[in-house]
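The values are calculated or read from the model by the stated rules, or taken from the named source; none is laboratory data. Not measured: the values here are computed from a predicted model. In this analysis, Cβ positions are derived from the backbone assuming ideal geometry, glycine residues included, and neighbour counts consider all displayed protein chains.
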Amino acid sequence: MSSINHKIVFLGESAVGKSSLVIRFVNGKFSPSQEPTVGAAFLTKKITIKNVNYKLQIWDTAGQERYHSLAPMYYRGAGAAFIIYDITSYDTFEKSKKWIEELKKLGDPDVRIALVGNKIDLVEERVIEKEKGQEYAEKNGLMFFETSAKTSENVDKLFIEMTQQLQSSK
Ligand code: GDP
């Protein structure tokens, strides 16, 4: 059966939950002791939306600074990028803005970008209000989501809405 391929890249600081979101979506699992990604990991997932088959090629990159110079290799040619921050960490939100600036400058001109606040199950520890993320996303023409890889809240939605976006822009 033929399918439409889309390349999607995950960017963001270390430990914000990039691998956890990808694994939750691809395998339906969550591990509280997710091992850090070295370099980058590549996974594929087939989904069907409204009778159309898609093959998503997902690049999960390492957040550590020492791998930063490798990032362009992964976001070049990507149709979509998810920039992840951790809603319990102000620093990761600030860093996500840097990723967006870099992507707008060096990524493909028509790359679709979604800003994603992860770990919304950690209600007590939240420091970045939803409105703050939403406002930044709106100003910069980005899609916006809040997710939990732990409870799986909004994880499928993230991928489905992005895939639909990619399709509508063709
Ligand atoms: P990455 O470095 O961005 O790929 O982050 P990981 O996926 O390795 O996750 C870092 C840590 O955060 C791990 O201990 C995960 O179990 C935890 N984590 C990831 N997503 C969530 C989430 O939605 N909720 C909670 N409570 N913990 C999460």
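Here are some notes:
- Pairs meeting the criteria (first residue in region 115-129 and in contact (Cβ under 8 Å) with a residue 40 or more places away in the chain and under 16 Å from V155 (Cβ atoms), second residue surrounded by fewer than 20 Cβ atoms within 10 Å (Cβ to Cβ) and acidic (D, E), beta carbons under 9 Å, at least 6 apart or on different chains) are V116/E146; N118/E146; K119/E125.
- Candidates are the residues of region 56-76 that are at pLDDT 85 or above and not hydroxyl-bearing (S, T, Y); the one that is nearest to the ligand (Cβ to nearest atom) is D60.
- If you go through region 17-31 and pick out every residue that is more than 7 Å from the ligand (Cβ to nearest atom) and not hydrophobic (A, V, I, L, M, F, W, C), you end up with 4.
- For region 136-147, the set of residues classified as buried (at least 16 other Cβ atoms within 10 Å of the Cβ) and within 13 Å of R112 (Cβ to Cβ) consists of A137, L142, M143, F144, F145, listed by residue number.
- Scanning region 29-88 for residues that are among the charged types (D, E, K, R) and under 16 Å from the mean Cα position of the chain (by Cα), we see that the one that is farthest from G12 (Cα to Cα) is K45.
- Which listed residue, of G133, G107, is within 16 Å of the ligand (Cβ to nearest atom), crowded, with 20+ Cβ neighbours inside 10 Å and at negative phi: G133
- For region 39-55, the condition of being under 20 Å from Y75 (Cβ atoms), among the polar types (S, T, N, Q) and within 9 Å of the ligand (Cβ to nearest atom) holds for none of the residues.
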